[in-house]
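**Student:** Okay, handing you the structure first.
The values are calculated or read from the model by the stated rules, or taken from the named source; none is laboratory data. From a predicted model like this one, the values you see are computed outputs, not experimental measurements. Here Cβ is always computed from backbone atoms with ideal geometry, including for glycine, and neighbour counts include all displayed protein chains. Just so you know, the surface numbers come from the protein's heavy atoms only, side chains and all, with ligands and any DNA or RNA stripped out. Shrake-Rupley method; radii C 1.70, N 1.55, O 1.52, S 1.80 Å.
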Amino acid sequence: MKQHIRLYPEVHHALENGYPVVALESAVITHGLPYPENVQLAEELEQTVRNEGVIPATVAFLDGYIQVGLSPEDRQRLATAPHKRKVSLRDIGIVLSRKEAGGTTVAATLQIAHQVGIKVFATGGIGGVHRESPFDVSADLPTLSRTPLVVVSAGAKAILDLPATLEVLETMGVPVVGYRTDEFPAFYSRESGLPVNVRVESPQEVAEIAKIQWECQVNSAILVVNPPPADTALPRETIEALIQKAVHEALDQGVRGAEVTPFLLARVSALSGGESLKANLALLRNNARLAAQIAHHLYTPRHQFRA
Ligand code: PSU
Ligand code: MN
């Protein structure tokens, strides 16, 4: 895989020296937001990570390479490319051989971040089991089960069947760690009525669980769920009605495969008059910040003392 990866110099340097790095996905840039909001968000998320003294590494596909870390020019090209593929695991070979531009899902980002030795990854919400079609299970779930990274999210996307998604996470051996919450957040909302496995109060506790889990050879991800910020989070009842409407529209229009998630997110955003989008942007920043704080506790600098 290494010959297909282009590491941004700053990311390369950080990884060589054992400095903390946080991976960021790019499906949110290519399929989540319109231009120019998508480039602005990509920059902001990187800046949020930097503000915590950590190096950001946005993962994306450009020119027949997997890029780990983007230059400002790369970000611009990714956001404006006329044809962009949403790259999950099965698409990696296809998009590289065709030299297409692509944004990475949680599954693809995890796979790539692990290959280069990154230990923490921030996203908005993971994929999972879809409503009304229980065989539509995101490749995010099996990938979480076999990739040892800390993944910070605001739970699974609320458009999904959350109880079923939690059951599959349990089957797959993925611990669900609530960050200052007892409840699994529902992406746009702080509450879902569903319990997490454990509640922690600090980034250090997350790092501790991760280190021990991996020392015990359980090479799954640690899914940290971070409730969306209260000032933009939406009450569950408000958003649920809109989600149900969007799910039925998707069924009626025969939306299938990788298009289901972007379709539902866009419809919920339109139906909520942009309120859900505001919540989505705020929780992305919130997750990037927490991921960076956790990364500090998971790194071992190779040159601690300099002459
Ligand atoms: N954000 C979006 N659209 C998306 C995604 C995020 O606005 O499509 C991606 C996420 O990266 C997540 C993936 O990993 O959707 C899940 O999609 P699927 O259900 O097709 O596996
Ligand atoms: Mn799917």
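**Student:** Which residues, taken from the range 34-49, are free of Cβ contacts under 8 Å to residues at least 60 places away in the same chain, within 23 Å of ALA14 (Cα to Cα) and either open to solvent by 60 Å² or more (accessible area, probe 1.4 Å) or outside any helix (DSSP H, G or I) (or both)?
**Tutor:** Of everything in the range 34-49, those that are free of Cβ contacts under 8 Å to residues at least 60 places away in the same chain, within 23 Å of ALA14 (Cα to Cα) and either open to solvent by 60 Å² or more (accessible area, probe 1.4 Å) or outside any helix (DSSP H, G or I) (or both) turn out to be GLU43, GLN47.
**Student:** Hey, another quick one. Out of the range 7-33, which residues are outside any helix (DSSP H, G or I), at pLDDT 95 or above and surrounded by fewer than 17 Cβ atoms within 10 Å (Cβ to Cβ)?
**Tutor:** Within the range 7-33, no residue meets the criteria.
**Student:** I'm checking my understanding of the structure. Among residues of the range 127-144 that are within 16 Å of ALA250 (Cα to Cα), touching a residue at least 40 places away in the same chain (Cβ under 8 Å) and more than 10 Å from ligand 2 (Cβ to nearest atom), which one is least open to solvent (accessible area, probe 1.4 Å)?
**Tutor:** Looking at residues that are within 16 Å of ALA250 (Cα to Cα), touching a residue at least 40 places away in the same chain (Cβ under 8 Å) and more than 10 Å from ligand 2 (Cβ to nearest atom), I get ARG131.
**Student:** So which residues in the range 251-266 are more than 15 Å from GLY127 (Cβ to Cβ) and part of a helix (DSSP H, G or I), if there are any at all?
**Tutor:** Matches in the range 251-266: LEU251, ASP252, ALA266.
**Student:** Could I ask something else about it? Do we have GLU237 as of a type in the set (D, E, K, R), part of a helix (DSSP H, G or I) and at pLDDT below 95 here?
**Tutor:** Yes: the conditions hold for GLU237.
**Student:** Please work out if PRO163 is modelled with pLDDT under 95, open to solvent by 30 Å² or more (accessible area, probe 1.4 Å) and either within 15 Å of ligand 2 (Cβ to nearest atom) or not hydrophobic (A, V, I, L, M, F, W, C) (or both).
**Tutor:** no
**Student:** Still on this structure, I have one more. Scanning for something within 14 Å of ligand 2 (Cβ to nearest atom) and part of a helix (DSSP H, G or I), does the range 267-284 turn up at least one residue?
**Tutor:** Among the residues of the range 267-284, not one is within 14 Å of ligand 2 (Cβ to nearest atom) and part of a helix (DSSP H, G or I), which makes the answer no.
**Student:** Return yes when PHE184 is among the aromatic types (Phe, Trp, Tyr), more than 22 Å from GLY69 (Cβ to Cβ) and without any contact (Cβ under 8 Å) to a residue 12 or more places away in the chain and no when it is not.
**Tutor:** Considered against the rule, which asks whether it is among the aromatic types (Phe, Trp, Tyr), more than 22 Å from GLY69 (Cβ to Cβ) and without any contact (Cβ under 8 Å) to a residue 12 or more places away in the chain, PHE184 comes out as no.
**Student:** So which residues in the range 97-126 are open to solvent by 10 Å² or more (accessible area, probe 1.4 Å) and either hydrophobic (A, V, I, L, M, F, W, C) or within 16 Å of ligand 2 (Cβ to nearest atom) (or both)?
**Tutor:** Within the range 97-126, ALA101, THR105, VAL116 meet the criteria.
**Student:** Within the range 227-266, take every residue that is within 16 Å of ligand 2 (Cβ to nearest atom) and not hydrophobic (A, V, I, L, M, F, W, C) and give me the one that is most open to solvent (accessible area, probe 1.4 Å).
**Tutor:** Result: ARG256.
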